[in-house]
Amino acid sequence: MSEERAPAPYTYENTSRTRRAGGLVLHFHEAGPADPGAPVLVMLHGGGPGATAWSAFGASLAAFAPRFRVLLVDQPGFGRSDKPELDKDFFAFSADAVAALLGELGVAEAHFAGASLGGGVCVRMALDHPGLVDRLVLTAPAGLALNLFTAEPTEGVKRLLDVTLAPEPTRAHVRGFLTSLVHDPALVTDELVEERYARAADPGARLGARRIGAAFGKWPETGMLWREAHRVTAPTLLTWGREDRVNPVDGAFVALKAMPDARLHVFPRCGHLAYEERAAEFQRLALDFLGG
């Protein structure tokens, strides 16, 4: 059984949990109705320096937790979760870890929402653990995006490599990456840069980033989720920012065409982080789609 779920207002501390699952210690946040029959929503964060479940989706709990048992998971290699060496590509490794966590928590089925790297993990979850997946909400999912008109690597990926490959990441590296994520650069405040820089410079975070990067280099083909998009039968809402400079919107169309039950919403004047830059609209769309 999970610990008692946090009431509103939701904070990092009162939602924080850890659980050993599948040989790993995973950190996550839990909030929502005490009703054991409440639908479950698992939210998986993206990658990049200092990324955590709370930094991505902590602000969303007030919208989703009144209607769902929400689990925000620090994926392996991130936050306060273990940072193991991977024995398969990251999407498959993380999906297996999340599936093991749900087993420990007694969750038989859930909705999944994932952004960027986390979106790719949600897709792999639907492919490898289809019985666990009800509906998917994906924001610019990595691996599923196949750019038709944009050269690789994209600006955002270049900025990410600047951080991860630097012998010592700097604040300028972090600011450059964060700025590539958003349409409005005013969102990248000095306080945000300091917060993300501190986490990015942490030795544990750097170890996790190196091991995840190594896995992508070792198993590149299994990360090409677009090749398997036709097998994702779960109802799926694809959301994208029109000005995304990490996974540009032209990357959505192969998946939209191939997935049997997919629909696409594009946010204007919005970058890679639609769930933040267009938070209210994103939450309305997701709640309507998930039946919340």
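The values are calculated or read from the model by the stated rules, or taken from the named source; none is laboratory data. Values in this document were obtained by computation on a predicted structure and should not be read as measured data. For neighbour counting, all protein chains shown are included, and Cβ atoms are generated from backbone atoms with ideal geometry for every residue, glycine included. To get the accessible areas, we keep the full protein, side chains included, count just its heavy atoms, and leave off ligands, DNA and RNA. Shrake-Rupley method; radii C 1.70, N 1.55, O 1.52, S 1.80 Å.
Rounded to the nearest 5, what % of DSSP beta bridges with both residues in the chain are antiparallel? About 30 percent, rounded to the nearest 5.
The alpha-carbon of Lys218 sits under 16 angstrom from the alpha-carbons of these lysines, leaving out residues fewer than 8 places away in its chain: Lys88. In plain terms, the chain from Met224 to Glu281 could stretch by 17.6 nm, reckoned as 0.36 nm per residue minus the Cα-Cα distance. Once C-alpha pairs closer than 8 Å and six or more residues apart are averaged by separation and normalised to the residue number of the chain, the relative contact order reads 19 percent. Remark: the stretch 121-136, residue by residue, has Karplus-estimated 3J(HN,Hα) of 5, 4, 4, 5, 4, 5, 7, 9, 9, x, x, 7, 9, 8, 10, 10 Hz, where x stands for each Gly or Pro and the curve is 6.51 cos²θ - 1.76 cosθ + 1.60 at θ = phi - 60°.
Applying the Karplus relation 6.51 cos²θ - 1.76 cosθ + 1.60 with θ = phi - 60° to the stretch 62-77 yields 3J(HN,Hα) values of 4, 7, 9, 5, x, 10, 10, 6, 9, 10, 9, 9, 6, 5, x, x Hz, where x marks Gly and Pro.
For a straight C-alpha distance cut-off of 14 angstrom, the aspartates and glutamates reachable from Lys83 (same-chain residues fewer than eight places away being disregarded) are Asp74, Asp202.
Here the sum of -39500 (n - 2.57) over DSSP H runs of 4 or more residues, divided by the residues of the chain, equals -10500 deg cm²/dmol at 222 nm, to the nearest 500. Taking every protein chain into account, the 1.4 Å probe leaves Arg20 with about 140 Å² of accessible area, to the nearest ten. The mean accessible area for residues of the stretch 16-291, using a 1.4 Å probe and ignoring ligands and nucleic acids, is 40 Å² per residue.
Computed in the context of the full set of protein chains, the accessible area of the stretch 16-291 at 1.4 Å probe radius has 54% of its extent on carbon or sulfur.
In the chain, a dipole from Cβ-located charges (positive for Lys and Arg, negative for Asp and Glu) runs towards its positive end, and of Asn14, Ala258, Pro39 it is Ala258 whose Cα lies farthest in that direction. Here the extension length gained between Asp128 and Glu109 equals 5.5 nm, from 0.36 nm per residue of separation less the Cα-Cα distance. Could you tell me which label, among (i) 28, 23, 20; (ii) 72, 26, 15; (iii) 25, 22, 20, carries the value of semi-axes √(5λ) of the Cα gyration tensor in Å calculated for this structure? The calculated read-out lines up with (iii). Per-residue 3J(HN,Hα) values for the stretch 263-279, derived from phi via the Karplus relation 6.51 cos²θ - 1.76 cosθ + 1.60 with θ = phi - 60°, read 9, 10, 10, 10, 8, x, 6, 8, x, 6, 9, 4, 5, 9, 5, 10, 4 Hz in sequence order (x marks Gly and Pro). Charged side chains reduced to their Cβ positions (Lys and Arg at +1, Asp and Glu at -1) give the chain a dipole of some 280 debye around its Cα centre.
If you find the alpha carbon centre of the stretch 227-289 and of the stretch 108-149, how far apart are they in angstrom? Each part's Cα centre sits 11 Å from the other's. Under the shape rule built on the C-alpha gyration tensor, where the axes satisfy a ≥ b ≥ c, the stretch 210-279 is oblate, since a/c reaches at least 1.5 while a/b does not exceed b/c. In this structure Trp226 has an accessible area near 80 Å², from a 1.4 Å probe over the protein heavy atoms.
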